[in-house]
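Below you'll find the structure, written out as structure tokens, and then a few comments.
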Amino acid sequence: VNESFEGTTFPPQGWDIVNQDKLITWQKVTGIAKTGNASVLMNNFNYSVTDQVDYLRLPTINLVDVDSAFLTFQVAASTYTPTSTAGNNWDTLQVLISQDCGITYTSLYKKWGATLVTTTVEHTDAFVPASNEWRKDSINLTSYSNSGKILLAFKNTNGFENNIYLDDINFRTIT
């Protein structure tokens with residue numbers, strides 16, 4: 001799986017979005033990207049209903065006869081509130097894995113507040129990342145090798161802080 005959101009269809013073929021409250025959710029944006037001209041945005045800046053959860057799910061992947069597996073992606077995020085603020089309700093980004101078609105998930109990656117942001121200061125306007133405000137994160141999935149079919153999902157939990165962007169999502173295996 002290699003997705004930079006440059007195609008005309010969103011979500012891309014085989015991907016899906018779970019948006020239980022039917023309000024703001026993951027959306028494709030153009031003119032804002034780490035590479036190319038498009039990325040995906042979770043508009044937490046305008047999402048005043050906190051603790052809502054939205055999933056961006058990748059196509060099902062079969063890990064049979066695989067020695068190792070890795071997920072990499074570009075992320076850009078900022079907060080509205082200074083990250084030193086104690087007890088704040090932060091936007092949270094997780095990467096989850098499911099081995100039962102999305103019935104249950106295990107968290108592989110969880111970041112919020114100071115651990116999630118890619119900026120040096122908070123933004124009191126809607127965050128749009130500069131080219132140097134992206135970070136490449138990676139997850140080693142080798143422990144799931146030969147486990148059969150898996151489903152990976154990006155999960156946003158809204159804290160009404162600021163925008164989170166994803167780009168260049170790449171899942172690769174080594175056999």
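Kindly provide the set of residues from the range 51-65 that are open to solvent by 30 Å² or more (accessible area, probe 1.4 Å) and in a strand (DSSP E or B), ordered by number. Those that are open to solvent by 30 Å² or more (accessible area, probe 1.4 Å) and in a strand (DSSP E or B): 53, 55, 57, 62. Among the residues of the range 122-139, is there at least one that is touching a Leu at 6+ places or on another chain (Cβ under 9 Å), loosely packed, with under 12 Cβ neighbours inside 10 Å and closer than 25 Å to residue 173 by Cβ? Yes.
Among the conditions (1) open to solvent by less than 20 Å² (accessible area, probe 1.4 Å); (2) closer than 25 Å to residue 172 by Cα, the only one that residue 91 does not satisfy is (2). Residue 48 meets each of the listed conditions (1) open to solvent by less than 10 Å² (accessible area, probe 1.4 Å); (2) part of a loop (DSSP other than H, G, I, E, B) apart from (1).
When you look at residue 115, is it at pLDDT below 95, open to solvent by 40 Å² or more (accessible area, probe 1.4 Å) and either over 12 Å from the mean Cα position of the chain (by Cα) or among the β-branched types (Val, Ile, Thr) (or both), yes or no? Answer is no for this residue. Taking the listed residues 145, 78, 68, the one that is open to solvent by less than 60 Å² (accessible area, probe 1.4 Å), polar (S, T, N, Q) and in contact with a His (Cβ under 6 Å, 6 or more places away or on another chain) is 78, with no other qualifying.
Residues of the range 28-37 that are free of Cβ contacts under 8 Å to residues at least 40 places away in the same chain and surrounded by 15 or more Cβ atoms within 10 Å (Cβ to Cβ): 28 alone.
The values are calculated or read from the model by the stated rules, or taken from the named source; none is laboratory data. The structure displayed is predicted, hence computed values, not measured ones. Backbone-built Cβ (ideal geometry, glycine too); neighbour counts: all protein chains shown. For the accessible areas, the whole protein counts, side chains as well, though only heavy atoms, and no ligand, DNA or RNA atoms are used. Shrake-Rupley method; radii C 1.70, N 1.55, O 1.52, S 1.80 Å.
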